[in-house]
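Working notes for the structure below.
Every number in this text was worked out from the coordinates using simple rules, so none of it is lab data. Note that this is a predicted model, so its numbers are computed, not measured. Counting neighbours? That spans all protein chains shown, and the Cβs are built from the backbone with ideal geometry, glycine included.
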Amino acid sequence: MSEVFEGYERQYCELSANLSRKCTSASHLDGEQKKQRISEIKTGLDEAEALIRKMDLEARSLQPSVKAILLAKLREYKSDLNNLKSEIKRISSANVGQAARDELLESGMADTLM
């Protein structure tokens, strides 16, 4: 196997585990801390996408027998990344909904809507 691919793979796995932990912790935060954590996660997702692109290029440059194995791994990593993206969307949308609710309550509009 390619040492270059393995290096990218190691970086991706560490980053993915880190992002997963951050998603879990972000769901327990609120306010500015949550916004900051979401921003960190989105930056990490961009880095993860870049690593996947690099792994893809490296895998496609190798012999067919090795290439097939590495591309199968890449499909798993892409699926993992999509799951992380879905999770951050869920966390972000919960944040937006909570912010809108808080804004209504602060302005007193909640009383007029009941």
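Brief remarks on what is shown
- Within the shell defined by Cβ-Cβ distances under 10 Å, the residues around SER25 carry a net charge of +4, with Lys and Arg each +1 and Asp and Glu each -1.
- Pairs from LYS54/LYS85; LYS34/LYS85; LYS34/LYS89; LYS34/LYS78 whose Cα-Cα separation, in the structure shown, is over 22 Å: LYS34/LYS78
- What the phi angles of segment 4-19 give under the Karplus curve with 6.51, -1.76 and 1.60, with θ = phi - 60°, is a coupling list of 5, 4, 4, x, 4, 4, 4, 4, 5, 4, 5, 5, 4, 5, 5, 5 Hz, glycine and proline written as x.
- Shown in residue order for segment 49-64 are the 3J(HN,Hα) couplings computed by the Karplus curve 6.51 cos²θ - 1.76 cosθ + 1.60 at θ = phi - 60°: 4, 5, 5, 5, 4, 5, 4, 4, 4, 5, 4, 5, 8, 9, 4, x Hz (x for Gly and Pro).
- Ordered by the number of other Cβ atoms lying within 10 Å of each residue's own Cβ, fewest first, LEU62, LEU84, LEU19 fall into the sequence LEU62, LEU84, LEU19.
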